[in-house]
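Asks: Can you read through this structure? Questions will come right after.
Laboratory data are not the source of any read-out in this text; all were calculated from the coordinates shown. Please read these numbers as outputs of a predicted model, since none were measured by experiment. Here the Cβ is made from the backbone with ideal geometry for all residues, glycine too, and neighbour counts use every protein chain on show.
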């Protein structure tokens, strides 16, 4: 391998650092109508009357759209493979408003000033209803978030709008209740993860226009171009053939853009006016009408023997989907299946869950996708149990962790064919100051230094569902066009896929021209989510390049008038194996193929996988707690990842570091606060704190590679797993430092200090 496992510079690096116009707003036509949304001031209300007459007279206003003007068949904004697991509960605009910020009207104007003025002049009479804000009271509550009969679900996930249920279910293996009876020690703890914002650098942005063939062209900062095509078509009530979606460069997504948050609004403006239109979310809108992480309350019941043998785990998850059901049925599954599977030696498990509607901002997909919440709960509970049975938490994990070759009942019955979780934990402990500061060390002046650890696993695409696609074309002169349907959102997947292709074809990465996503041109790809790109689209890349190589040899051998089996290809020439001087260059092959009956050298491949090999990770947090103030300072975070073969070490390291910082933010700082009326008070980055370089301490990253037999060059995924360990590791460290167990994130100084004070009074 020349390029795989090599730190190649990202293909778009120069364009990005030199400020080239590559993002949605940069390339939009100058004559786009400005699209703005009038938003509901109430968490639960019915529009009794809406009058736009005065607003329509504002100079520059082109179109005002209300619920009276839209298609009445419901759909979902979730970017999921068809049939979508998320219930169809949306309209472009609805008479029933379900959270503070729910769109009331769409205003399109020649400029922003006119649009804002018009919004202020729209007269609305609301029937204000009591909101349902507490997820614990949502199931079977008399207040229904979605009472409408037009609501429907396409998949049997237990959804029932008349019970406020987005999904409900139970999975189990073994005799849970009997096994608990046989355990020496059983504990039950409840942990809570509040909704968390993605806060990507680029907010939601979309522009639309009619193309030369009367189709709606959607150019959007999205992770799911092919799903957006379907969603826009469903929203407008038109055929998918009438919609074309193009993805430019994306300024971050993290899962937020796996939901079609912004696309339908300019699309309907263009559909009704024939004019180009663009919507750009403000930071406030990005914080208040977007798609944050699902808030979850996770109850873990764990049964062990006195010698530290884990025997049984029972987990119940209550997930708050908010006003709509996007990704609710699928995120909740990861909370159980990708946490309990860390300890596959257990004899029995049970995983029950309810996903409920409430009158707050709708949740969506966020890096970690439910596994983050479940792992925080389970890994915190594991540490709590270790203290109760007086066993070292690291020893406890080594004794019970999943190892290579083990069957994983809690992970959909898959086998860990590639797993270095044990080596990851050994490495993370070695990298940290574990022996120096575990469990804790008094540093003087009221400061306590302490350590905490956590394990994690994730997945590599959604098995039997997701599709990765690639097209390769051999161009004039012997270069390759690599056309992909996955979406690079700063992850570097365009570069990683090119590295794989280059090694298979014995060419240089710079000889591969990458083309991003255009649903008219690109092969179908589910999109960049579920940690699918490197593993699944990577499989398509290797297969596609292998077929291209075979096709080059086939055409070259025909031109040389030789049997195919007697020819080889070195990346530049097809040559006779026994007489290397008898050869033809790649450039000449292309030229002759274009003018002779050999056909164009084009290969398209789609890949699906029956398995989803999990990456594994161990993380160790070193923190310092001020006993007088409750302030927690992260000193160092050591992380070791098993993502199979590391395709690009630099990009893998950046992915890990970025995910860790987001996990640190969730653990220590990020906190969405709702008022009694359902209003989000953390509507800007002045109120919603994310960690800066001063807050993240030192981050140390290492890799312990396994070899995944089903992965391209032995690779698995890395994008999501890296966010999962900071929260439990930091909370475990806080507990070791001052004896305060944080069971509701974030671990703020107030919570820590309150715990210290309560402990001192007991």
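Asks: Along the Cα-to-Cβ line of residue 759, 7 Å from the Cα, sits a label point; which residues in the range 660-701 have backbone N less than 20 Å from it?
Replies: It comes to 667-669, nothing else.
Asks: Residue 604 label point, 7 Å along Cα→Cβ, cut-off 19 Å on backbone N: hits in the range 238-260?
Replies: Answer for the range 238-260: 240-247.
Asks: With Rg and Dmax of the Cα atoms in Å as the read-out, I listed [x] 29.4, 99; [y] 27.1, 91; [z] 59.7, 200; which label goes with the value calculated from this structure?
Replies: The listed entry that was calculated here is [y].
Asks: Let me ask something additional. Please give the length that would be gained between residue 581 and residue 415 if that part of the chain were fully extended, namely 0.36 nm times their separation in residues minus their C-alpha to C-alpha distance (nm, one decimal). Walk me through the numbers before you get to the answer.
Replies: Values: separation 166, 0.36 × 166 = 59.76 nm, distance 4.91 nm.
Contour length minus the Cα-Cα distance gives 54.9 nm.
Asks: Residue 69 to residue 20: FRET efficiency via 1/(1 + (r/R0)^6), r the Cβ-Cβ distance, R0 56 Å, to the nearest 0.05?
Replies: Computed FRET efficiency for residue 69 and residue 20 comes out at 0.90.
Asks: Just the number, please: percent antiparallel of the DSSP beta bridges in the chain, rounded to the nearest 5.
Replies: If we restrict to bridges inside the chain, about 80 percent are antiparallel.
Asks: Could you give the nm distance between label points at residue 241 and residue 693, where each point is 7 Å from its Cα heading toward the beta carbon?
Replies: For residue 241 paired with residue 693, the spin-label model returns 5.4 nm.
Asks: Using packing as a proxy for protection, rank 470-476, 644-650 so that the peptide with the highest average count of other Cβ atoms within 10 Å comes first.
Replies: Result, highest mean Cβ count within 10 Å first: 644-650, 470-476.
Asks: Follow-up question, since we're still on this one. By average Cβ neighbour count within 10 Å, what is the ranking of 584-597, 606-619 from highest down?
Replies: Details: 584-597: 15.9, 606-619: 24.6.
Ranking the peptides 584-597, 606-619 by packing returns 606-619, 584-597.
Asks: Another question, then. Based on the alpha-carbon gyration tensor of the range 22-92, what equivalent-ellipsoid semi-axes (square roots of 5 times the eigenvalues) come out, in whole Å, largest first?
Replies: 27, 23, 11
Asks: If you don't mind, there's one more thing I want to ask. Give the Rg/Rh ratio for the range 331-440, taking Rg as the radius of gyration of the Cα atoms and Rh as the Kirkwood radius, to two decimals.
Replies: Taking Rg over the Kirkwood Rh, I get 1.02.
Asks: Using just the C-alpha positions of the range 1-143 as equal point scatterers, what log10 of I(q)/I(0) does the Debye formula give at each q in 0.10, 0.16, 0.18, 0.22 1/Å?
Replies: -0.57, -0.99, -1.10, -1.31
Asks: Expected output is a single nm value to one decimal: the length gained when fully extending between residue 110 and residue 388, i.e. 0.36 nm times separation in residues minus the C-alpha distance. What is it?
Replies: Values: separation 278, 0.36 × 278 = 100.08 nm, distance 6.62 nm.
Gain in length upon complete extension: 93.5 nm.
Asks: Would you give the gap between the C-alpha center of the range 700-762 and the C-alpha center of the range 402-476, rounded to a whole Å?
Replies: Using only Cα atoms to place each centre, the spacing works out to 11 Å.
Asks: Here's something else I'd like to know. Do the sum for the chain: with -39,500 (n - 2.57) for every DSSP H run of n ≥ 4, divided by all residues, what is the mean residue ellipticity at 222 nm, to the nearest 500 deg cm²/dmol?
Replies: -8000 deg cm²/dmol
Asks: With the crude spin-label approximation of a point 7 Å out along Cα→Cβ, what separation in nm comes out for residue 591 versus residue 345?
Replies: If labels sit at residue 591 and residue 345, their model points lie 6.7 nm apart.
Asks: How big is D for the range 468-607, in µm² s⁻¹ as a whole number, if Stokes-Einstein is applied with the Kirkwood radius of its Cα pairs at 10 °C and 1.306 mPa s?
Replies: This corresponds to a translational diffusion coefficient of 104 µm²/s.
Asks: Under 20 Å from a label point 7 Å along Cα→Cβ of residue 515: give me every residue in the range 590-609 with its amide N that close.
Replies: 590-595, 599-607
Asks: Further, regarding this structure: What ranking do 220-228, 251-259, 145-153 get when scored by the average of other Cβ atoms within 10 Å per residue, highest first?
Replies: Going by the mean number of other Cβ atoms within 10 Å, highest first, we get 220-228, 251-259, 145-153.
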